[in-house]
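Take a look at the structure below.
The values are calculated or read from the model by the stated rules, or taken from the named source; none is laboratory data. All values reported here derive from a predicted model rather than from experimental measurement. Cβ placement follows ideal geometry from the backbone for every residue including glycine, while neighbour counts extend to all protein chains displayed.
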Amino acid sequence: MQLFIVTDVKLYREGLAQALERADRFRVAGTASCISHLDADMQDCGVVRWAIDVQILAPTAGSAINVDNCDDVLLEVYAIGAQPLTLTWTWQADQMGCAPFTMTTSCPPLNIVCTVQPPPDTYYSFWHSCGPPEPPCIGTGKIEVQLTDSLNQTDTDEVAVSVVRNPH
C-alpha cells in the first residue's frame with residue numbers, strides 16, 4: 001500500500017514515515033508539512049492527483065424558472081474533491097451581449113443546514129430567482145456550476161434551462 005503523510009510536526013512526520021517504511025505492507029510515497037504543499041509534493045513523488053468531479057442533479061435539463069413567481073430553485077450537485085470544496089453557480093443566457101450572472105445561493109429553508117451528506121457527497125442550496133439581484137437577461141440559456149477544491153483543481157458542469165417571466 002502506498003501512503004502519503006501530511007502533518008505540520010516534522011518529528012512526527014519523519015518518525016511515522018520511517019516506522020511505516022519498515023513494515024512490509026507500506027511504501028511511503030512522500031510527506032508534506034501542510035495541505036497546500038500536498039498537490040505539488042504528490043506530483044513530484046509520482047502520486048496520482050486527487051479526483052475531482054461535479055455533476056448537476058437539479059435543476060434538470062429543460063426546466064423553466066419563472067422570475068415573476070420568485071421561484072426558490074433547488075440547486076443540487078454531486079461533488080467530490082480535496083476538501084473544502086467551493087461551488088460557484090452562474091446563469092448564462094443564450095442571447096448575445098448578456099454577461100454571465102453569478103447566482104447568490106442560500107441554505108435550504110426550514111432551518112436545514114447546508115451540508116454535505118457523505119456518502120453520496122451531495123450538496124444542496126437554493127437560488128431565490130427574483131433576487132436581489134435579478135438576472136439581467138431572460139430566455140433560454142444554461143446554469144453552470146464550477147467546483148474548486150483545496151488544491152485549486154476545478155471542474156464544471158452545466159444544464160440547459162430557461163428563465164422566463166409571466167406574460168403581461
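Residues that are part of a strand (DSSP E or B), surrounded by fewer than 18 Cβ atoms within 10 Å (Cβ to Cβ) and at pLDDT 80 or above are absent from the stretch 108-118.
Is it the case, given these coordinates, that THR102 is at pLDDT 85 or above, under 22 Å from LEU85 (Cα atoms) and either loosely packed, with under 12 Cβ neighbours inside 10 Å or not aliphatic (A, V, I, L, M) (or both)?
In short, yes.
Consider the stretch 146-163 and keep the residues that are out of contact with any Lys or Arg (no Cβ under 8 Å at 6 or more places or on another chain) and in a loop (DSSP other than H, G, I, E, B). The one that is surrounded by the most Cβ atoms within 10 Å (Cβ to Cβ) is ASP149. Among the candidates VAL54, VAL48, VAL9, VAL28, the residue that is hydrophobic (A, V, I, L, M, F, W, C) and modelled with pLDDT of 85 or more is uniquely VAL54. Can we say GLY131 is part of a loop (DSSP other than H, G, I, E, B), in the same structural domain as GLY97 (by TED's automatic domain parsing) and within 16 Å of TRP89 (Cα to Cα)? Taking the combined requirement at face value, the residue satisfies it.
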